[in-house]
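Worksheet: the structure to be examined is printed underneath.
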Amino acid sequence: MTFGGNLLIGASGSGGVAFLPMYLSALRAEFTGTVTVLMTHTATTFLPASTMALFADRVVTAVDPATWARANHVSLADEHDLFVVLPATANTLAAVAGGGAPNLLTTTVLEFPSPVVFFPAMSGLMWTKASVQRNVTQVRSDGHEVVEPADGPRYDVSLGRVVTGPTPPSPPQFVSKVVERLR
Ligand SMILES: Cc1cc2nc3c(=O)[nH]c(=O)nc-3n(C[C@H](O)[C@H](O)[C@H](O)COP(=O)(O)O)c2cc1C
């Protein structure tokens, strides 16, 4: 069964953002709606917006002030039914936990009318740090969903090898979560 809607994907600067096109490919098999990808500046250093644009209907980076009239936190929140953040860095989770709005992604989280779904991506040591867990607890108690990364093997771009540790859901699991939320 296919499903539709207007999906906003926030992409923050985990090295794992390089895998985002695989998630969008999996989504396209079942999703007939529109996909906008909102990238932080760091995310665009790992994955060019031009590559992301091959998989999304629209890519927003907020770099060019000339785009701000059409692509800002208010218009993005108004135009989308669901906002998910994949991958979500420790930095982005910290900003959200503190109610901060240092960039367009986090400002849009504040503006979005319904709960946002975060898919954290970071090393095991980062994920288990008290400060990160404190932020996750805060983000959850503010009503958002933070999807627990499961332990598994993944290629770590920072180490250049496969490690076992917290891993964001697979593309099919991600699609299931989006379906569940948009249904
Ligand atoms: C090679 C490399 C890989 C990184 N991977 C991660 C990561 O997986 N998770 C994370 O939380 N931060 C990671 N970082 C650190 C973030 O890029 C950094 O905190 C950045 O400020 C995040 O900005 P953003 O949240 O605005 O995108 C990585 C940095 C480098 C240089």
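Odds and ends about this structure:
- Take the conditions (1) touching a strand residue (DSSP E or B) at 6+ places or on another chain (Cβ under 9 Å); (2) open to solvent by 30 Å² or more (accessible area, probe 1.4 Å); Ala69 misses just one of them, which is (1).
- Restricting Asn103, Asn72 to those that are farther than 16 Å from Leu7 by Cα and of a type in the set (S, T, N, Q) reduces the list to Asn103.
- From Arg140, Arg183, residue being more than 12 Å from Ser123 (Cα to Cα), open to solvent by 90 Å² or more (accessible area, probe 1.4 Å) and more than 18 Å from the chain's Cα centre (by Cα): Arg183
- Any hit, segment 111-126, residues being open to solvent by 20 Å² or more (accessible area, probe 1.4 Å), closer than 22 Å to Val178 by Cβ, more than 15 Å from the ligand (Cβ to nearest atom) and out of contact with any His (no Cβ under 7 Å at 6 or more places or on another chain): yes
- Consider segment 146-165 and keep the residues that are open to solvent by less than 40 Å² (accessible area, probe 1.4 Å) and either within 18 Å of Leu86 (Cβ to Cβ) or of a type in the set (Asp, Glu) (or both). The one that is modelled with the lowest pLDDT is Asp156.
- Extreme residue, nearest to Leu7 (Cα to Cα), among residues of segment 75-97 that are surrounded by 17 or more Cβ atoms within 10 Å (Cβ to Cβ) and in contact with a Gly (Cβ under 6 Å, 6 or more places away or on another chain): Val85
- Scan of segment 137-159 for residues that are part of a loop (DSSP other than H, G, I, E, B), under 13 Å from Ala88 (Cβ atoms) and out of contact with any helix residue (DSSP H, G or I) (no Cβ under 8 Å at 6 or more places or on another chain), ordered by number: Glu148
- Answer residue from segment 28-54, given it is under 18 Å from Gln173 (Cβ atoms) and either within 11 Å of the ligand (Cβ to nearest atom) or modelled with pLDDT under 95 (or both) and is least open to solvent (accessible area, probe 1.4 Å) among those: Phe31
- Test for Arg134: is it surrounded by fewer than 14 Cβ atoms within 10 Å (Cβ to Cβ), in contact (Cβ under 8 Å) with a residue 24 or more places away in the chain and farther than 16 Å from Asn91 by Cα: no
The values are calculated or read from the model by the stated rules, or taken from the named source; none is laboratory data. Keep in mind it's a predicted model, so treat the numbers as computed, not measured. Glycine gets a Cβ as well: all are built from the backbone with ideal geometry, and neighbour counts include every protein chain shown. For the accessible areas, the whole protein counts, side chains as well, though only heavy atoms, and no ligand, DNA or RNA atoms are used. Shrake-Rupley method; radii C 1.70, N 1.55, O 1.52, S 1.80 Å.
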